[in-house]
Amino acid sequence: MIKSFKEEFEKKIIELGFSYSRAQDGLYYLCDKNGINHPIIVLLIESQVPNNQKYGSKNRNDIQAIGIFIFKRIKHEPQPDFFIFSFSNLVKERSEYLQIPTEELEWKIIKRNLDFKHVKRIKIVLWLMNDGSIYNTTGISIEGEWYLLSKGINGRMVDKTDMDYTKFFNNWPILWPSLSQ
């Protein structure tokens, strides 16, 4: 049984050697294990339970997990340095995470939604494929899924586009590069 996303996240943070405090607005302040660097601010966004009929593949693509995230744009200070998206992987019976710098997330969302400045609530649907790739499939049509996500000889058309979130998947060292040493 998978614990709550917050419990799993807090446990993971401690395993990685961070200390943390949580503010009332849902922001986490993380300090590195040496206490040398300034704290980073992260916002944990928890997935809703996905309806596979509505959000799953219509073309029989092999999907390991689906994350559905609905959240408000943050317009107040402090802004998080990172958004951390957490969702259940029932195949592997664990929580999965995406650690995305705020500027990069905004760029990805703006690129997909030209009316971003007027958007108050953001919805992102992510698919974790069986090969470990992860893509933003928000609003994708059956034809778009077939064209962009079907894996061919040279990979998928969506690889290395603004829809590709693979480099953020369970990438804890992105928070502090010193974690990877």
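The values are calculated or read from the model by the stated rules, or taken from the named source; none is laboratory data. Remember, it's a predicted structure, so these values are computed and weren't measured experimentally. Ideal geometry is used to build each Cβ from the backbone, glycine not excepted, and the neighbour counts take in all protein chains shown.
Observations
- For the stretch 138-174, the candidate set comprises residues that are assigned to a loop (DSSP other than H, G, I, E, B) and of a type in the set (Gly, Ala, Ser); within that set, the residue that is farthest from residue 96 (Cα to Cα) is 141.
- Cβ-Cβ under 8 Å pairs, at least 6 apart or on other chains, the stretch 65-87 side among the charged types (D, E, K, R), far side in a strand (DSSP E or B): 72/121; 72/122; 73/121; 73/122; 81/40; 81/41; 81/42; 81/101
- Residue selected from the stretch 1-32 under the condition in a helix (DSSP H, G or I) and among the β-branched types (Val, Ile, Thr), by the criterion farthest from residue 80 (Cα to Cα): 14
- Some residue of the stretch 77-86 being over 20 Å from residue 174 (Cβ atoms) and out of contact with any strand residue (DSSP E or B) (no Cβ under 6 Å at 6 or more places or on another chain): yes
- You will find that of 142, 124, 174, 74, the residue that is among the β-branched types (Val, Ile, Thr), at pLDDT below 90 and surrounded by 13 or more Cβ atoms within 10 Å (Cβ to Cβ) is 74 and no other.
- Any hit, the stretch 59-71, residues being outside any strand (DSSP E or B), basic (Lys, Arg) and either under 19 Å from residue 98 (Cβ atoms) or at pLDDT 80 or above (or both): no
- Out of 13, 40, 63, 68, one residue alone is surrounded by 15 or more Cβ atoms within 10 Å (Cβ to Cβ) and in contact with a Gly (Cβ under 9 Å, 6 or more places away or on another chain). It is 63.
- Taking each residue of the stretch 33-54 that is over 22 Å from residue 105 (Cα atoms) and of a type in the set (S, T, N, Q) and looking for partners that are surrounded by 10 or more Cβ atoms within 10 Å (Cβ to Cβ) and modelled with pLDDT under 80 with beta-carbon atoms closer than 7 Å, six or more apart or interchain, yields 37/176.
- In the stretch 145-171, the qualifying residues are those that are at positive phi and at pLDDT 80 or above, and the one that is surrounded by the most Cβ atoms within 10 Å (Cβ to Cβ) is 170.
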